[in-house]
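Data block below; observations after.
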Amino acid sequence: MDDREVIDRINQLASEEHELFEKESRGEASETDQERLTRLGVSLDQCWDLLHQRRARRAAGLSPDEASVRDEKTVEGYVG
């Protein structure tokens with residue numbers, strides 16, 4: 001997956017997340033929608049992490065194609 005594909009995926013996930021947030025704000029979100037929102041958040045974090053890895057590898061003179069999607073525990077465990 002190249003950078004453009006990762007960015008496209010981020011945009012798709014963010015669009016779906018936005019739709020579910022709107023549904024939630026109207027009080028129309030089901031339990032399934034809430035669960036999907038949680039999964040979307042993790043998927044978005046994984047995509048952003050992958051994009052950051054690719055950019056960092058490229059900046060360091062390494063192959064961005066060797067970056068990989070990290071597991072949920074890793075990407076959700078970052079401390080700012």
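The values are calculated or read from the model by the stated rules, or taken from the named source; none is laboratory data. The structure displayed is predicted, hence computed values, not measured ones. Glycine gets a Cβ as well: all are built from the backbone with ideal geometry, and neighbour counts include every protein chain shown. SASA here: full protein model, heavy atoms, side chains in, ligands and nucleic acids out. Shrake-Rupley method; radii C 1.70, N 1.55, O 1.52, S 1.80 Å.
A few comments on the model shown:
- Flag for Ala29 being among the aliphatic types (A, V, I, L, M) and more than 23 Å from Tyr78 (Cβ to Cβ): yes
- Any pair with Cβ under 9 angstrom, 6 or more apart, that starts in segment 3-32 at a residue that is under 24 Å from Trp48 (Cα atoms) and ends at one that is modelled with pLDDT of 95 or more and among the aromatic types (Phe, Trp, Tyr): Val6/Trp48; Ile10/Trp48
- Filtered residues of segment 48-60 (kept if under 19 Å from the mean Cα position of the chain (by Cα) and open to solvent by 70 Å² or more (accessible area, probe 1.4 Å)): Trp48, His52, Arg55
- Flag if Asp45 is acidic (Asp, Glu), closer than 21 Å to Met1 by Cα and surrounded by 16 or more Cβ atoms within 10 Å (Cβ to Cβ): yes
- Residue satisfying all of: in segment 61-80; aliphatic (A, V, I, L, M) and open to solvent by less than 60 Å² (accessible area, probe 1.4 Å); farthest from the chain's Cα centre (by Cα) among these: Ala67
- Filter result for Ser43 (in a helix (DSSP H, G or I) and under 16 Å from the mean Cα position of the chain (by Cα)): yes
- Filtered residues of segment 33-59 (kept if in contact (Cβ under 8 Å) with a residue 24 or more places away in the chain and in contact with a Leu (Cβ under 6 Å, 6 or more places away or on another chain)): Leu40, Ser43, Leu44
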